[in-house]
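Every number here is computed from the coordinates shown, using simple stated rules; none is lab data. Since we're looking at a predicted model, the values are computed, not measured. Glycine also receives a Cβ, built like all others from the backbone with ideal geometry; neighbour counts cover every protein chain displayed.
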Amino acid sequence: MQSQAQKMVYTQETDEYGIAEAVRAALGDVMPQPRPPESIAYSETLFLDLGLNSLEYLELWTSIESRLGCRFDDEDLLGDLRTVGDVVHRTMEVCRAGELV
């Protein structure tokens, strides 16, 4: 069953809430112990709190790309991306910069 977040495609009108929902839904799908998206907080860390490994981290970005239609370069995935909030903010930056698939 496809969730509503999976059907959303980024447009210039997409707000932070919509992007956050898409990120949290993607996380809920790739986490080793799946959780409802609404239970995932911005402050949770990807590797320690949510238990992602490096493969799941890459799957997360692929899932976000397919949900929002934004394209991430390798450089977009580097840096200090430790929390769910960091992922939401990086996703907003990339989508708003117009890197659409």
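For this structure, a couple of remarks:
- Nonlocal amide H pairs with Arg71, under 5 Å, H built at 1.01 Å: Glu99, Leu100, Val101
- Gain upon complete extension [Asp15, Glu38; 0.36 nm per residue less C-alpha separation]: 6.6 nm
- Residue-wise HN-Hα couplings along the range 66-74, as the Karplus relation 6.51 cos²θ - 1.76 cosθ + 1.60 with θ = phi - 60° gives them from phi, are 6, 6, 10, x, 8, 10, 9, 8, 3 Hz; Gly and Pro carry x.
- Couplings 3J(HN,Hα) for the range 30-46, derived from phi with the Karplus relation 6.51 cos²θ - 1.76 cosθ + 1.60 (θ = phi - 60°), are 9, 5, x, 10, x, 9, x, x, 5, 8, 9, 8, 3, 7, 6, 7, 5 Hz, where x marks Gly and Pro.
- Two-site label geometry, Met31 and Ser66: point separation in nm, points 7 Å out along Cα→Cβ: 2.0
- Long-range amide H partners of Leu50 with built H, under 5 Å: Thr45
- Inter-probe distance in nm under a simple model that places probes 7 Å from Cα toward Cβ, at Phe47 and Ala97: 2.3
- Listed peptides 32-44, 64-76 by packing density, highest first (mean Cβ within 10 Å): 64-76, 32-44
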